[in-house]
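Chemist: Just passing along the structure, written as structure tokens.
The values are calculated or read from the model by the stated rules, or taken from the named source; none is laboratory data. From a predicted model like this one, the values you see are computed outputs, not experimental measurements. Here the Cβ is made from the backbone with ideal geometry for all residues, glycine too, and neighbour counts use every protein chain on show.
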């Protein structure tokens, strides 16, 4: 009679023991796709504010640009290479001495190119393209 009780108890014990060793994959465990993002930053302000300080933050945590940009008629672009996960991202640009600000939400689902330009006192413009930007 002892052996009849032992078998179910042993099976339950082994089931409990090995159930803790099983790992289940959830949606959070699946790595998100990442894509290259190229950001160009320039100043086309006609010398109104020269140099203009430009700061860019992504997703309220990653400051990727904090520099002075000199105005140039020949396209003085700074280039920043990034990698962003698939999904929505917040792009915030501001200028300490140029009185400009910009706050944009954009989606990444493939490689993209961004072109941020400071245009005169208090104006930023952001172009978003799925094709490589060519400067003439």
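Chemist: Determine, yes or no, whether residue 48 is touching a strand residue (DSSP E or B) at 6+ places or on another chain (Cβ under 7 Å), in contact (Cβ under 8 Å) with a residue 24 or more places away in the chain and surrounded by 13 or more Cβ atoms within 10 Å (Cβ to Cβ).
Modeler: Values: touching a strand residue (DSSP E or B) at 6+ places or on another chain (Cβ under 7 Å): no; in contact (Cβ under 8 Å) with a residue 24 or more places away in the chain: yes; surrounded by 13 or more Cβ atoms within 10 Å (Cβ to Cβ): yes.
Here the answer is no, as residue 48 does not meet what is asked.
Chemist: Go through (1) surrounded by 16 or more Cβ atoms within 10 Å (Cβ to Cβ); (2) at pLDDT below 95; (3) over 24 Å from residue 52 (Cβ atoms) one by one and return the number of the condition residue 130 breaks.
Modeler: Just one mismatch for residue 130, condition (1).
One line per residue, one yes/no per condition, for (1) at pLDDT 95 or above; (2) touching a helix residue (DSSP H, G or I) at 6+ places or on another chain (Cβ under 9 Å); (3) within 16 Å of residue 57 (Cα to Cα); (4) buried (at least 17 other Cβ atoms within 10 Å of the Cβ):
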| site | (1), (2), (3), (4) |
| --- | --- |
| 81 | yes, no, yes, no |
| 90 | yes, no, yes, no |
| 98 | no, no, no, yes |
| 103 | yes, no, yes, no |
| 114 | yes, no, yes, yes |
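Chemist: Here are some residues: 60, 53, 76. Which one is assigned to a loop (DSSP other than H, G, I, E, B), modelled with pLDDT of 65 or more and more than 25 Å from residue 131 (Cβ to Cβ)?
Modeler: Numbers: 53 fails: assigned to a loop (DSSP other than H, G, I, E, B); 76 fails: more than 25 Å from residue 131 (Cβ to Cβ).
It is 60.
Yes or no, residue by residue, for (1) without any contact (Cβ under 8 Å) to a residue 24 or more places away in the chain; (2) at positive phi; (3) in contact with a strand residue (DSSP E or B) (Cβ under 7 Å, 6 or more places away or on another chain):
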residue	(1), (2), (3)
55	no, no, yes
59	no, yes, yes
84	no, no, yes
93	no, no, yes
101	yes, no, yes
106	yes, no, yes
116	no, no, yes
125	yes, no, yes
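Chemist: Look through 109, 68 and report the one residue that is at pLDDT below 95 and surrounded by fewer than 17 Cβ atoms within 10 Å (Cβ to Cβ). Break it down into steps so the answer makes sense when it comes.
Modeler: Working: 109 fails: at pLDDT below 95.
Step by step, each of 109, 68 is checked, and only 68 is at pLDDT below 95 and surrounded by fewer than 17 Cβ atoms within 10 Å (Cβ to Cβ).
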